[in-house]
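See below for the structure under consideration.
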Amino acid sequence: MGSDGPDTPNGAHRVARVVLDSPLPQLDRLFDYRIPDALVDSCLPGVRVRVPLRTGNRIADAYVVETPDEGSFPGDLSAVAEVVSPVPVLAPEVWRLARAVADRAAGVASDVLRLAVPPRQVRVEKAFLARTADAAPPAVAVPAVTGYPDGVVERILEDCGRAALVAVAHPVRLPAPVPAVAVPAGVGSQPAGSAPAPAAAGTTAPDPVGTAEHGGSWVPGWARTFAEAAARTLAAEHTAILVVPDFRDLGELERAVHAMVPPERVVRFDAKQTNGQRAKSALLAGSGPVVVIGNRAAVYAPAADLGLLAIWDDGDPSFMEPRAPYVHTRDVALIRTVQSGAALLLAAHARSTDVQRLVELGWLEDVRPHRAVVPRVVPTAQQTSAEGYAAQARIPSSAWRAAREASRTGPVLVQVASPGFATGLACAECGERARCRRCGGPLGNATSGGAPQCRWCGALAAGFRCTTCGNGTLRQVGNGAQRTAEELGRAFPGTRIVVADGLRQVDEVDGRPAVVVATRGAEPATPGGYACVLLLDGERMLAREGLRVAEDVLRIWANAAARTAAGGAVYLVGIGGRLATAMVTWRLDLPASEELADRRVLHFPPAVRVATLTGTEQAVTAAVEALGDAPVGPVLGPVPVEGAKTAPGTVRAIVRFPYAHGNEVAATLKAEMIRRSSTRRAVPRGSRRRAAPTLRVRLDDLEPFTEPRPDWP
DNA sequence: AGCACGCCGACT
DNA sequence: GTCGGCGTGCTC
C-alpha cells in the first residue's frame with residue numbers, strides 16, 4: 001500500500017523484494033524497494049542488486065527474491081540503486097532452500113547464500129549471456145539400475161521416493177565413455193537424437209582406469225548405481241545432483257557418469273575449482289536438465305527441475321560444513337528433497353546412525369542389493385601372530401598366508417591407522433610420551449631416520465629432553481604406514497611396495513602384484529579390485545572416545561573392504577564381537593541400530609538434536625531459560641570454556657531437544673541472538689577493545705561429543 | 001555494522 | 001535553561 005508513485009509502465013512490477021547480503025541476524029528478512037523506471041527491464045528475480053540502507057548512506061549488496069506488484073511495507077520505499085548484472089544467479093528454488101536451511105540452524109540466510117551462490121565473475125556472466133542457442137541435446141539412454149532386485153530403485157526414482165541404499169560392493173566394469181558430440185560452432189540446431197558424431201577429443205573425458213585392457217573402465221559399484229540413476233533422471237528431463245565426500249570419489253563418479261551421459265550434460269563442482277569455474281558450473285546447472293556431480297557445495301546447485309538428489313557415504317566427515325551456519329550436507333539434502341519433491345538416495349556401505357534413525361522412522365526405505373555380492377570378511381581376533389616378520393607387522397598367520405598368496409597375482413591392500421613412520425615417541429628412560437615444546441602436541445617420526453616432529457604444529461623437535469626425568473633419548477611407539485611398509489618390504493622380498501598416506505596421495509595402482517599400504521580413507525583404486533585386503537590397527541582406531549567412533553571405524557573398514565575384487569578376501573585383524581559380526585555378515589546397519597538405541601536412552605544425538613550455546617554466563621543462562629520446556633534431559637553445563645581465542649568468562653551449555661521442536665527452538669534461539677546483538681553495547685571501559693558477541697548458537701554440533709584425532713597430522 | 005533518537009548529569 | 005554522555009532501536 002505504500003508506493004503511490006507513477007503508474008506502472010507496461011504492467012511491469014515496481015517492487016523488488018530483496019534479501020540483503022549481510023551476516024547480521026537483525027537484517028535477515030526481506031526488504032522492499034522501488035524499482036526505478038530505468039531498471040524495470042533488468043531488475044528481475046535472482047539478480048544481484050545494490051540497495052540503500054538508511055543508516056549511514058550505506059549501499060548494501062542484495063539479491064532480488066521476487067518482484068510483487070505491491071510492497072508490504074507501510075511507508076515510502078527507497079529505490080534500488082543499481083542492478084549489478086542482469087544474469088539471475090539466485091534461483092527461486094535455491095532461495096527457498098537457503099531460507100529453510102538457515103531457519104533449521106538458527107542461522108542467517110545470507111550465510112547460506114555465500115555457500116550456494118559463487119562470487120560474481122564478470123567474464124563468465126558475459127560469456128553466458130553471449131552463448132549461442134544450444135543444439136538439441138543428444139538423447140540419453142535409459143539404463144536399468146544394476147544389482148538391485150525387481151527394479152526397486154527405478155520405482156523410487158519414478159515415485160520421487162526416498163531410500164537408504166546399501167551399496168553394491170566390489171568394483172564393476174563399465175563400457176567405454178559416451179563420446180562427446182561435436183557441436184558445429186555457430187550453426188543452428190541439430191536433429192535431436194541423431195547418431196552422435198565421432199568423439200571430439202578436446203572435451204573433458206578423463207583417462208579411465210583400465211581402459212587399455214578391455215575398452216571399459218572399472219569403477220566402484222556405487223558409482224555405477226549413481227550413474228544409472230542419474231541417466232534415468234536425465235532421460236526424463238530432470239536434473240540429478242550427485243554429491244560425494246572428496247575429490248577421489250568425484251573422479252570415480254565422473255568416470256561412471258561419463259560412461260552413460262554425454263559430457264556436455266555433466267556439470268562438475270569441486271573444491272579445487274576457481275571462482276570462475278564455480279560460477280560457470282552454477283550457471284550451467286541452472287540452465288537445463290543436467291547431471292550435477294560434486295562435493296558438498298553441489299547440494300546447493302541450482303536445478304530448475306530437480307528429479308534426484310543422491311549422496312554417497314553420508315557418514316564421511318567432509319559433509320560437516322565448516323562454515324556458518326554449519327549445516328550437514330545430509331540435512332540440506334533432506335530439506336531440499338522435501339521442498340522440491342525430488343527422489344532422495346542416501347547410499348553407503350556402512351550405515352550412519354542418522355540414516356538408521358530415518359529408516360526406523362519409516363522415512364527412508366531400506367534398499368539392499370540383489371543377492372548381495374558382499375566381500376568375504378574373515379575376522380582374526382583369536383588367532384596368534386605368525387612368526388618373524390609377520391609378527392612385527394602385526395599380521396596373524398592365516399591372513400599372512402592369504403596375503404602372500406594374493407600378492408603373487410595382483411595388488412594386496414593393507415589398511416593402517418596412521419601415516420608416517422612412528423605414530424608417537426616416548427622417553428626411552430621413563431616412558432613418558434614426548435610432547436612438543438611449543439604447543440604440547442605429540443611428537444612422531446615421518447620417516448624411519450627422520451627428525452622428531454610435532455604431529456600438530458609440525459615443529460621439529462631437536463635436542464629433546466624429557467620433562468619428567470631429563471633423559472634425552474627417545475623410543476618409537478606405534479606403527480605408521482611407512483613403518484608397516486618397511487616391515488612388509490622385508491617380509492615380501494621382491495614385491496613392489498606402495499605407500500599411500502596423507503603425505504603421499506596415490507589415486508590408483510595398476511593390476512600388477514604389489515603390497516599397497518594405505519591409511520584409512522586413502523586406499524588407491526585398482527582396476528578389478530584387490531585380491532586381498534588386510535585391515536590392521538582396528539583396535540587402536542576404536543580406542544578413541546567419542547560418539548561417532550564405532551560408526552566411523554565401520555565405515556572406514558567397509559569402504560576398504562569394498563575395494564576387494566569379487567571373490568577376494570578381507571582379513572579384519574584383532575577384532576571380534578559385534579563389529580566383526582557386522583562385517584562378516586555385511587549387516588552394517590545392525591551396529592548403527594544398536595548404537596542409536598543406546599543414544600535414545602542417553603538422549604544423545606542423533607536420537608535428539610542439540611544446541612550448543614556459547615557466550616557470557618548471563619546470555620547463555622537467559623537463552624536456556626527462553627527455551628522453556630523444549631529441552632530433553634538435563635542441560636549440560638554451563639561450564640567455563642578455556643582457550644586462547646575465547647574471552648575470559650565465556651561459558652558453554654548444551655541443550656538437547658526433540659526433532660519435533662526444531663523450528664521452535666531455532667526460532668527462539670535466533671530471537672535471543674537478535675536481542676543480544678542489538679543490546680550488547682555494554683563494552684567495559686578501556687582494556688577490552690572489542691566485546692565478543694555475548695551469545696553464539698550452533699545447532700547439531702557434535703564437536704563437544706568428540707575427542708580430537710591425536711593420530712592425524 | 002553504523003547511525004539517529006532520547007533521556008539524565010554538569011555546565012554557562 | 002542547554003550540551004552531550006551513551007544506552008536503545010532501526011535499517012524497506
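Every number here is computed from the coordinates shown, using simple stated rules; none is lab data. All values reported here derive from a predicted model rather than from experimental measurement. All Cβ positions, glycine included, derive from the backbone under ideal geometry; neighbour counts span all protein chains shown.
All C-alpha to C-alpha distances of the range A:229-316, sorted into 5 Å bins beginning at zero, yield P(r) values of 3, 17, 29, 28, 18, 5, 0 percent in whole numbers. Rounded to whole numbers, the Karplus 3J(HN,Hα) couplings from phi for the range A:155-161 are 5, 4, 5, 5, 8, 6, x Hz, using 6.51 cos²θ - 1.76 cosθ + 1.60 with θ = phi - 60°, and x at Gly and Pro. Our coupling estimate for the range A:402-417, obtained by passing each phi through the Karplus curve with A = 6.51, B = -1.76, C = 1.60 and θ = phi - 60°, is 5, 5, 5, 4, 5, 5, 7, 10, x, x, 10, 9, 10, 9, 10, 7 Hz, Gly and Pro reported as x.
Seen from every direction in turn and averaged, the convex hull around the alpha carbons of the range A:17-162 projects onto 13.5 nm².
Stokes-Einstein, applied to the Kirkwood radius of the range A:27-83 over Cα pairs at a viscosity of 1.567 mPa s and 4 °C, places its translational diffusion at 111 µm² s⁻¹.
The residue among A:276, A:290, A:329 whose Cα reaches farthest toward the positive pole of the charge dipole of the range A:264-344, with charges on the beta-carbon of Lys, Arg, Asp and Glu, is A:276. Each listed q (0.14, 0.17 Å⁻¹) maps to a log10 I(q)/I(0) for the range A:489-560 from the Debye sum over equal C-alpha point scatterers, namely -0.50, -0.71.
Phi angles across the range A:599-607 convert, under the Karplus curve 6.51 cos²θ - 1.76 cosθ + 1.60 with θ = phi - 60°, into 3J(HN,Hα) values of 6, 5, 4, 8, 6, 10, x, x, 5 Hz, Gly and Pro given as x. Close amide-amide hydrogen proximity is noted between residue A:514 and A:410, A:412, each under 5 Å apart and 5 or more residues distant or on a separate chain (H modeled in the peptide plane; Pro and chain starts excluded).
Under 5 Å between amide hydrogens, built in the peptide plane, is the criterion, and for residue A:534 it picks out A:413, A:414, A:415, A:571 among residues at least 5 positions away or on other chains. Taking amide H positions as modeled 1.01 Å from N, with prolines and chain starts lacking one, the residues under 5 Å from residue A:168 and 5 or more places away or on another chain are A:222. Available extension along the chain between residue A:70 and residue A:508 is 151.7 nm, counting 0.36 nm per residue and deducting the alpha carbon span. Rounded to the nearest 20, the size of the Cβ-charge dipole of the range A:214-287 about its Cα centre is 140 debye, with Lys and Arg at +1 and Asp and Glu at -1. Here the gap between residue A:674 and residue A:636, fully extended at 0.36 nm per residue and compared with their Cα-Cα distance, gives a gain of 11.3 nm. Summing Cβ point charges (Lys, Arg +1; Asp, Glu -1) relative to the Cα centre of the range A:35-177 gives a dipole of roughly 680 debye.
Order the peptides A:531-543, A:88-100, A:57-69, A:254-266 from the highest to the lowest mean number of other Cβ atoms within 10 Å of their residues.
The densest-packed peptide leads the list: A:254-266, A:531-543, A:88-100, A:57-69.
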